[in-house]
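First up is the structure itself, then whatever we jot down about it.
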Amino acid sequence: TQLLEQSPQFLSIQEGENLTVYCNSSSVFSSLQWYRQEPGEGPVLLVTVVTGGEVKKLKRLTFQFGDARKDSSLHITAAQPGDTGLYLCAGHNTNAGKSTFGDGTTLTVKP
Amino acid sequence: DVKVTQSSRYLVKRTGEKVFLECVQDMDHENMFWYRQDPGLGLRLIYFSYDVKMKEKGDIPEGYSVSREKKERFSLILESASTNQTSMYLCASSSPGLEGAYEQYFGPGTRLTVT
């Protein structure tokens, strides 16, 4: 069974601070996705990373896929209250029909 | 934009009732999924489907069944609802993206309460 561990589980910071969320596994994935979920809503896809070592930027969010495609990180610069939510990573292998989800990181950004 | 819709945002049912949760996607995706999400337990896969009339058990299929008669529609059925099935239910669909990555697109969720 493939597992994805996210850390930290909870993170509470002040507006303007930087933060990094980690997603780690002992398994190799073909691709990895990051989602953000707001309370009472479904997760929304933020990004997909496919190539080992790949870095993708989405405004103040920077996503990195590990060289061995076993881990990933999400870095947020100058966090804003609108970044508050549950951040989920999910790994996928092409020969498996389903994705493996981490348990998520709950981020709270205080004004 | 991919759109996944779920028939209800909130449902309240009584123990023993048969419950149907409907999910429709408009992007011609092959794969569809049903998850439940509970505090501290993350997203847990109930069932998924690769194609019409095909279904595969996920990690927690007990007490649930599914139906996929049309490609765009995937239904989750609770044959006899129990209080431990009170949860947030999320439907998702996917197909290979430009890079061959099976990105999942989720519906808004159904908050089911069984009393």
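The values are calculated or read from the model by the stated rules, or taken from the named source; none is laboratory data. None of the values given here were measured: they were computed from a predicted structure. Cβ: placed from backbone, ideal geometry, glycine included. Neighbour counts: every protein chain shown.
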Of the residues A:Gln33, A:Gln64, which is among the polar types (S, T, N, Q), at the interface with another protein chain (Cβ under 10 Å from one of its Cβ atoms), within 10 Å of the chain's Cα centre (by Cα) and not in a loop (DSSP other than H, G, I, E, B)?
A:Gln33
Could you tell me which of the residues A:Thr100, A:Thr108 is assigned to a strand (DSSP E or B), buried (at least 20 other Cβ atoms within 10 Å of the Cβ) and polar (S, T, N, Q)?
A:Thr100
Is it true that some residue in region A:76-92 is surrounded by 13 or more Cβ atoms within 10 Å (Cβ to Cβ), part of a strand (DSSP E or B) and away from chain B (no Cβ under 14 Å)?
yes
Those strands (runs of 3 or more DSSP E) completely within region B:1-93 that have 2 or more residues that are more than 21 Å from A:Leu88 (Cα to Cα) and either modelled with pLDDT of 95 or more or away from chain A (no Cβ under 11 Å) (or both) are B:10-13, B:19-25, B:64-70, B:73-78
With B:Arg68, B:Arg44, B:Arg73 as the choices, which residue is under 25 Å from A:Val50 (Cα atoms), in contact (Cβ under 8 Å) with a residue 12 or more places away in the chain and surrounded by fewer than 21 Cβ atoms within 10 Å (Cβ to Cβ)?
B:Arg44
Within region B:13-32, how many residues are surrounded by 11 or more Cβ atoms within 10 Å (Cβ to Cβ) and either free of Cβ contacts under 8 Å to residues at least 40 places away in the same chain or more than 16 Å from B:Gly63 (Cβ to Cβ) (or both)?
10
Quick check on region B:94-113: of everything there that is in a strand (DSSP E or B) and crowded, with 20+ Cβ neighbours inside 10 Å, which residue is farthest from the other protein chains (Cβ to nearest Cβ)?
B:Leu112
